[in-house]
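One structure below.
Only the coordinates and a few stated rules stand behind these numbers; no lab work does. Remember, it's a predicted structure, so these values are computed and weren't measured experimentally. We place every Cβ from the backbone using ideal geometry, glycine too, and count neighbours over all the protein chains shown.
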Amino acid sequence: MIRFISLVLLVLHLVAAPVAAQDASGPSGPITTVSDAELDAAIATRIREILGELGGYEDVTVTVNEGIVTLRGETASALEADTLGDIVNRIEGVVQVRNQVSQTADLARQLNPALERFERRVTQVVAFLPILAIACLVFLAIVFLGFFIARRNRPFNRIAPNAFIADLMRQVVRLAFIIIAIVVALDILNATALLSTILGAAGLIGLAIGFAVRDTVENFIASVMLSIRQPFRPNDAVEINGDEGKVIRLTSRATILLSWDGNHIRIPNATVFKSRIVNFSRNPERRFMFEIGIASDADLAAMRNLAEEVVARLPYTLPSPAPSVWIDRIGDGAVFLVVTGWIDQTRTSLLSAKGEALRQVKAAIEAAGVEVPDTTYRIDLMGTKPTPTETPAPVREVPHPPAATTEVVPEVVDDVSASSTDELERIIEGERQDKHRPDLLREDAPEE
């Protein structure tokens, strides 16, 4: 226990020794053995001159005896009293300093330095006003010039591929002139050192905002790229990320489609830019496809040729690319043929053409004596009897395919013009007439 107490006292002594040495610190060097009253008077005079020049030490008295300086009195602040020792220690011939100066309790005297500083700053501001006014006028003149240039249509509309890019270029010009105006104004004020601080703070703020609105920035950049590339036009039939419809407009945030049911579909531009886009309207030629089943005991080659000839004779199918028919698979009670044909979708409705071709092929196959079987399963419950109001369905006899060659019997072809899509086009055209809704798409834009 005694050893532990001794160790603690030793540690406290080691810690307190530097502090005591620091408190007793003073001028270093040897002390002369000769007493000089003239030197003491010179030291006192020099200290009084220094304190008079500094100001605020009017109530401080200085006495020097044998090189030991004694300071007594009061100052307006404790900081001024503490700095006296450092000032006096720097004077040659000083052996030790006894600083007995304290802070005054007079409130008016304590407020005097603050009032003096305020008056000096007001005077500086008044003297600074003319150069500040000139800097402000130069700043406003440069900003006005930038906004005047940005409002003009000729240079931007000719350079930019669309109105959205033109507006973006105008914003860049405005921002550039604002930055130039700030730099010039700070240079006039001789405060260009603040520019690096402002730019650093702006960079940090921009980085924080960028992380906060990352999705919005991503959509904005995607809008710029899509407005330049324009992979689709207004009224194009497209499929984007599984959604199908006709394009209404491209905004700075989303692509708006009109579905085949007349519903609006808003897809973020970032999704559109990264997704697979299928444009059904880029080429006027488009292929329709359907499958039809025939009896398994029919002449498959003859039925294939018959279906191909029927599709080829339709007035709306294109001779090139030519229609094509092939045997696809054997199903339940039928062999299925796949029938394809090409149309000009600008004049012919795809759905109407497909339905009419299916009707014509089915009629020709049945006219050739070949059954188009119904592969639907029916379940009959044992022991049930039909009600008196019900009559059993007649049994249909399946004719055998004729041995003779099949002959195409043409039927009246229904109207398959693109009238159904015209309704959607009228809806889209009506919505595009709203000038209050911005659109980044142009009919005359270059194709990607």
At q = 0.19, 0.21, 0.22, 0.24 Å⁻¹, base-10 log of I(q)/I(0) for the stretch 198-261 (Debye sum, equal scatterers on each alpha carbon)
-0.76, -0.85, -0.90, -1.00
What size of dipole, in debye to the nearest 20, comes out for the stretch 24-105 about its Cα centre when the only charges are +1 on Lys and Arg C-beta atoms and -1 on Asp and Glu C-beta atoms?
160
Would the stretch 113-212 count as rounded, prolate or oblate if I go by the C-alpha gyration tensor, calling it rounded below 1.5 in a/c and otherwise prolate when a/b exceeds b/c, oblate otherwise?
oblate
Once label points are set 7 Å from the Cα along Cα→Cβ at both Leu175 and Ala37, what is their separation, rounded to one decimal in nm?
8.1
If unit charges are put on Cβ atoms (+1 for Lys and Arg, -1 for Asp and Glu) and the dipole of the stretch 113-212 is taken about its Cα centre, the option from Leu129, Ser196, Val173 lying farthest towards the positive end turns out to be Val173
For the stretch 71-158, run through the GluC sites (Glu not before Pro) and keep only the ones in DSSP coil with at most 12 other Cβ atoms within 10 Å of their Cβ.
Glu92
Taking each pair of distinct Cα atoms in the stretch 24-105 once, what is the resulting Kirkwood hydrodynamic radius in Å?
12.9
